[in-house]
Amino acid sequence: MIEKTYEPGAVEGRIYQSWLDANAFAAGAGAKPGAETFSIVIPPPNVTGSLHIGHALNNTIQDILIRFERMRGKDVLWQPGTDHAGIATQMIVERRLMESQQPSRRELGREEFLRRVWEWKAESGGTIMNQLRRLGASADWSRERFTMDEGLSEAVRKVFVELHAKGLIYRAKRLVNWHPGLETAISDLEVENIETNGKMWHLKYPVDNSDEYVVVATTRPETMLGDTAVAVHPDDERYRQLIGQHVILPIVGRRIPIVGDEYADPELGSGAVKITPAHDFNDFEVGVRHDLRPINIFTPQARINGYAPKEYRGLDRFEAREKIVADLDAMGALVWVEEKKIMVPYDEKTKQVVIEPYLTDQWFANAEVLAQPALKSVREGRTVFVPKSYENTYYAWMENIKPWCISRQLWWGHQIPAWYGPRNNADPDFNRADAGPKVFVAATEAEAVKQAMAYYGRAVEVHTGGLQSGAYLKAYAAFETTQRDRLTPQTWAQIKQDDPFAELRDSKVPLHRDEDVLDTWFSSALWPFSTLGWPDDTPELKKYYPTDVLVTGFDIIFFWVARMMMMGLEFTHQEPFHTVYMHALVRDERGQKMSKTRGNVIDPLGLIEGYGADATRFTLAAMAAQGRDLRLAMSRVEGYRNFVTKLWNAARFLEMNECRRVAGFDPKSCRLPVNRWIVGATARAAAAVTRGIEEYKFNEAASAAYDFVWGTFCDWYVELAKPILTGDDAEARAETQATAAFVLDQILKLLHPMMPFVTEELWGETGKAGPRREKLLIVSEWPDLAGLEDAEAEAEMGWLIDLVSGIRSVRTEMNVPAAAKIPLQIIGAGVETGTRVESQLAALMRLARLGSVDYVSDVPKGSAQLVLGEATFVLPLAGIIDLGAERARLEKEIGKLDEDVEKIDRKLGNEQFVAKAPEEVIEEQRTRRAEAIDRRERIAAALARLS
RNA sequence: GGGUGUAUAGCUCAGCGGGAGAGCACUACCUUGACAUGGUAGGGGUCACAGGUUCAAUCCCUGUUACACCCA
C-alpha cells in the first residue's frame, strides 16, 4: 500500500541506502556490455566547506546528466572528491586555534600545525560529501579523491618538475599581489577592486638646486618613502625642461631624478607622478624602463621597514599615511587634498584586507605558452562552451593572460618540490647578486639530493623545518632568507666577502626545501586526469579520460576551466572535456547575490528538510535556463513540492484502482482512443525530456515533464480513465489498468534524473504488484517510445477536451451550480461527431457533469450554445441562464473572429505577402480564415436561435 | 573606460520571424471516492523606448534608457 502522504524525510535515507547496497553508483553500474562511456569529474568543493545553494545547483545538474546517461545504458563514472583549498582551510584552522585560545600557527610550527589541519580535515572533511548524498548525488564514492592524496600529490610534483624542465615554470622577483594579513602572495584573480571614497594628496617636491618645485598627486602618500623618481610626460610643455633634473624627496631627503615617461598622464592630477617601483604595478614598469632600483619600504605585514626614516619604522601603512600627511603638511609640502573615488584592491574573499603590490621572489608559470593550445581547442571546437557566449570571455582572458604566480607563502598545500643550496664557487652565476641560491627541482628528495651531489661533487644534507641549528647554518641562513627578499645588496656583498662556505668544505652541503606551497588551483588544474590515476597509465584513465562534460559556474572559468584546459593539453595532449556547461549564479528572489553578511542565504539543506530533496532538485533544474542568473523564489520550491505530492497521489490512485503492470504489455496494442492517446502523449513527453537533457536545457526538460504529468496525465487521463475503471467493460478496464501502469512507469523513469527519491520509492511500491521488477529504477532503461504517436486518437481526445472545457466554461459563466447535472443536446452532428460522442459518452457526461445527451433538430429558446467542429452543442438552460449574458458571450466571440478574419484578409490581400511568403504559411492563413468564417457562421446561427 | 547579458502578466520566469505562455499571487465556485500540497472557470500584458531590415518583428539589426555581471 502506498502511504497516504509522501514524507521525504522518512524515505530519502532509506532509498539512498538501497542504491548504495545495490552498488548502483559504481563506475559502469547498469552499463550495457561494450557501452560508450560517459564521465564527469565533480568540481571539487573545499574540503572543509559545507553545501551552499550553488553547490546544490551544480551537483543537481551533474546528477541529472549522470542518472540520465546511466539509464541510457552508458558506462558512467561520476568522479567525486574535494579540494584542499589552501588559504581557506589554513585560515579556518588558524581561526579555530585562536578561538580556543591555543598557540598560534607560528608558535606550533609547521609540522604540528599541519598535523592539526589534517586532524580538522578528518573531522569535518566529510561534511560536504555527506551533504551531497542528502541531495541524492550518485557519484562513485568508492573513488573519492582529495587533492592532497598521495597519488594526486605525485601528479602535482611531476607536472611541476616537467614544466620547470621545459622552462615553463620559473622563479622570479616580481611585484605580486600580497596579502599582508596572511603574508602570502595571491593571484590577480583573488583581488577585487572596489570603488571607495578616497583622497588624492597633492605634494610639493622641491627641485634640486632650484627654487622651483614639482607638484605630484598620489592616492597613497605613505609610499613616498619608497619613491625613486618623478615622471612627467615627455611632451608635456610644463615639465619638459625639468626632465633630467632631480628633486629632493621630502622627509627622506633622497635625491631622485625627474624622468620623461608616457605613463604620466598630463590630464591627470598635476601631470607629474611620483614613481614607487616597489609598491605599484605601473611604477614598477616605469622603473624597469628607466633603470630605477625599487626600494621596498614595507615588511610582509605592510608595516614600514628599516629602509625608511626611523620615526616611521614599525608603523602600519595606514598609520604611516596619517603621520606622513601630517608631517608633509607641517613642512608646507602638502598643497591640497582632493576628494576622489578610487579603486582599492581588496582580497576577494573577505573584502576586508587591502592587497599590497609587493616585491618578492615567487614561482611563476608561463601561462602565455600554455594558453595557446587551450585557445586553439576552443577556437576549433574540440571543446565547446554552453552557452557559447562564454567562449568570448574565455578568449578575452586567455589572449591577455599574465604569468601565473603559483607559489603561496602558506603551509597547507603541496610543498614546492624545489631544494635550495648555496651556489658553487664554480657556478658562473656565483657573483651575480641577483642570482639567488642554487635551485634543484625534483619530484623526490632523493632525486634532488642526487642532482645536488652532482653539482657540488660532495655529500649534501637536507634540512627541514627551517634552519635554526648547526654552526655552519649561520652562513646559510642568509641564503634561506633570499626567498623572503630580506637580502639587501649590502649584506650580499658582505656574505661573499666573508666566503662563509670556506668553513663548510669538509662538511655536507646543506640543502633546504622551499617552504612555500603551490596555489590550490595548480592541483585543481590536474583534477580531470589526476583523479583517474595519472601519471600511471591506469585502466580508469584509459576508459574515462577525456571526460565528457564539465559542469561549473562561470565564476571559476579563469581559475579553473582555463587551467584544466592548459594542463590537460600539455600533459595528456587531449582536451579534458568536450563540453563545458556553465550554469548561472543562484540569487535570492530580489536578484541579490547570496551572502552571509546580507543574511539572504538560502540553505539547500533547509530546503531539503522543508520540501524534500526532489522538490529542491526539481526547482533548481526548472530554473536553470541557460545564460541567466536564477532567482530562487520559495514559491517555486513550494510549487514543486506540490508536484511531488501530485505524482504521489496519482500513483496512489492507480494502485487503488488496481492499475498493475502487465508482463509483456505492448502499448501499440491499445484499442481505446484514450489509451492510444496517452501512450502517444507519453512518447512525446519522453522525447521532449530527452531532448532537454541532451541539450543542457534542464528547464525545458523539467517543464516538459511537469506539464505532461500534471497537465495531461493527472488532469485529463486519470479523469478520463475513472469511468472506465469503474465501468462494466472488463476488457476496457483491463486495457486501461495496464496502460495506466505502463505510463506511470515511463513517468517515473522520465522524472528520475530530476526527482530520484520519490520516483525510486514509487518504483518500489508499484513493483509489489504485477511482474517482479528486475532492477532498481536508477539502473532501469530510459524510455524509448518513438513511433507510439497516434494522430487519430489525439484528434479525438483533443476534441473531447475542447468540448468538456467549453461546457465547463459556459457553466461557470452562466452560474450553473457545480453539482447540477444538466442535459446536453447536439445539433448538426455529422458522422465524426456522432462516433466520438458515442465513444466518449461516459467521460463526457462525467467531466462536464451532464445528466443526459440527446441529438435534436431544434434548439429550445434561451439555450447556451457551443460550436465545435461541424456540430453545435446546446445546453438548454432556459430560465437559468441570463440571456443578455449569453448574447454578450456569443457576440464577443464573433467580434474576436471578425478581428481575426480581418487581420488574415489584410495579409492575404497584400500582394507582397502572397508573392514572397512561403506556400505553407499562406496555406495556413487560408485554412485559418476558412475555419474562422465557418465558426463565425455557426455562432451567428446560435445567436439567432437564442431568442 | 572596455566587454557581456537582461528588460515579456502584480511577482518569479519560459518562449519565439507568421495565432502572447507557465508557476505563484488574485477573483468566483467546488470537501465530485488519488490529491484542499487539490479541482473547475476567470481577470490581468503597446512583449522597456526610438528607428531600421522584412511580405510579416515581441523575436533579427542599430541606437537610447535602466539594471546586473565581468575585465581594467
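None of the figures in this text is laboratory data; all of them are computed from the coordinates on show. Since the structure is predicted, the reported quantities are computational estimates derived from the model, not experimental observations. Glycine gets a Cβ as well: all are built from the backbone with ideal geometry, and neighbour counts include every protein chain shown.
According to the Kirkwood expression over distinct Cα-Cα pairs, how big is the hydrodynamic radius of the stretch A:833-947, in Å? Numbers along the way, then the final one.
On the way: mean 1/r = 0.0611 Å⁻¹.
For the stretch A:833-947, the Kirkwood estimate is 16.4 Å.
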Exercise for review: Quick one: which residues, 5+ away or cross-chain, put their amide H under 5 Å from the amide H of A:TYR213? H built at 1.01 Å from N.
Suggested key: A:VAL207
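How much FRET efficiency would the formula 1/(1 + (r/R0)^6) give for A:ASP316 and A:TYR395, where r is the Cβ-Cβ distance and R0 is 45 Å, rounded to 0.05?
Values: r = 42 Å, r/R0 = 0.93.
Efficiency computed from Cβ-Cβ geometry: 0.60.
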**Study point:** Those residues of the stretch A:274-305 whose amide nitrogen sits under 19 Å from the label point placed on A:GLU267, 7 Å along Cα→Cβ
**Key:** none
Check your understanding: Dividing the alpha-carbon Rg of the stretch A:812-888 by 2.2 N^0.38 Å yields what?
Key -> 1.08
Review point. Reachable aspartates and glutamates from A:LYS722, Cα under 20 Å, same-chain residues fewer than 8 places away excluded?
Key: A:GLU655, A:GLU658, A:GLU731, A:GLU735, A:ASP745, A:GLU794, A:GLU796, A:ASP802, A:GLU838
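List the trypsin sites (Lys or Arg not before Pro) in the stretch A:1-103 that DSSP assigns to loop (not H, G, I, E or B) and whose Cβ has at most 12 other Cβ atoms within 10 Å. Which are they?
Values: sites: A:LYS4, A:ARG14, A:ARG67, A:ARG70, A:ARG72, A:LYS74, A:ARG95, A:ARG96; in loops: A:LYS4, A:ARG72, A:LYS74.
Of the trypsin sites (Lys or Arg not before Pro), the ones in loops of the stretch A:1-103 whose Cβ has at most 12 other Cβ atoms within 10 Å are A:LYS4.
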Exercise for review: Under a cut-off of 29 Å between alpha-carbon atoms, report the lysines in cross-link reach of A:LYS323, not counting same-chain residues fewer than 8 places apart.
Suggested key: A:LYS199, A:LYS204, A:LYS274, A:LYS310, A:LYS340, A:LYS341, A:LYS351
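Between A:ALA326 and A:GLU123, what's the calculated FRET efficiency when r is the beta-carbon distance and R0 is 41 Å? Round to 0.05. Spell out each step's value before the answer.
Values: r = 50 Å, r/R0 = 1.22.
Result of the calculation: an efficiency of 0.25.
So if each residue of separation counts as 0.36 nm, and I subtract the Cα-Cα distance between A:GLN102 and A:GLU902, what length gain in nm does that give?
279.5 nm
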Review point. Using 7 Å Cα-to-Cβ label points, what is the A:HIS578/A:ASP429 separation (nm, one decimal)?
Key: 4.5 nm
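Are any of the pairs A:LYS74/A:LYS542; A:LYS668/A:LYS749; A:LYS74/A:LYS158 more than 21 Å apart by Cα-Cα distance, and if so, which? Numbers along the way, then the final one.
Working: A:LYS74/A:LYS542 16 Å; A:LYS668/A:LYS749 19 Å; A:LYS74/A:LYS158 33 Å.
From the list (A:LYS74/A:LYS542; A:LYS668/A:LYS749; A:LYS74/A:LYS158), the Cα-Cα distance tops 21 Å for A:LYS74/A:LYS158.
So if I place +1 on the C-beta of Lys and Arg and -1 on the C-beta of Asp and Glu, and nothing else carries charge, what would the dipole magnitude of chain A be about its Cα centre? I want it in debye, nearest 20. Kindly include the intermediate steps, with their values, before the conclusion.
Details: 115 positive and 138 negative charges, 241 e Å.
For this selection, approximately 1160 debye.
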Study note, to complete from the structure: The ³J(HN,Hα) series, computed from each phi in the stretch A:362-372 with the Karplus coefficients 6.51, -1.76 and 1.60 at θ = phi - 60°, rounded to the nearest Hz and given as x for glycine or proline, is 9, 8, 10, 9, 7, 5, 4, 5, 5, 6, 4
Check your understanding: If you stretched the chain out fully between A:ALA26 and A:SER805, how much longer would it get, using 0.36 nm times the residue separation minus the C-alpha to C-alpha distance?
Key -> 275.5 nm
**Study point:** Residues whose placed amide H lies under 5 Å from that of A:ARG587, excluding near-sequence neighbours
**Key:** A:LEU630, A:ARG631, A:LEU632
**Study point:** Table column - 3J(HN,Hα) (Hz), the stretch A:198-213, Karplus curve with 6.51, -1.76, 1.60, x for Gly and Pro
**Key:** x, 10, 10, 9, 9, 10, 9, 10, x, 7, 5, 6, 7, 8, 6, 9
Point to revise | Modelled FRET efficiency - R0 56 Å, A:GLU695 with A:MET845, Cβ distances, 0.05 increments | key: 0.85
Exercise for review: Mind jotting down the distance between the C-alpha centroids of the stretch A:661-694 and the stretch A:763-798, whole Å?
Suggested key: 6 Å
Study note, to complete from the structure: Note to self: Kirkwood Rh of the stretch A:140-232, Cα pairs, one decimal, Å, is 19.0 Å
Exercise for review: For A:PHE298, list long-range residues whose amide hydrogen, built 1.01 Å from N in the peptide plane, is under 5 Å from its own amide hydrogen.
Suggested key: A:ASN305
Practice item. Go ahead and collect, in residue order, the members of the stretch A:718-751 whose backbone nitrogen is under 20 Å from a label point 7 Å along the Cα-Cβ direction of A:THR835. Key: A:732
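Grab the DSSP H runs of chain A that are 4 residues or longer, score each as -39,500 (n - 2.57), total them, divide by all residues and round the 222 nm result to the nearest 500 deg cm²/dmol.
Estimated from H runs of four or more residues: -13500 deg cm²/dmol.
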Check your understanding: Which distance in Å, rounded to a whole number, links the C-alpha centroids of the stretch A:918-940 and the stretch A:117-178?
Key -> 66 Å
Revision key, fill the gap. Between the alpha carbon centres of the stretch A:293-331 and the stretch A:37-59 the gap in Å comes to 45 Å
Point to revise | chain A: Rg to Rh, with Rh as the Kirkwood radius over Cα pairs | key: 1.12
Review point. Modelled label-to-label distance, A:ARG631 and A:ASP715, 7 Å Cα→beta-carbon offset: nm?
Key: 2.6 nm
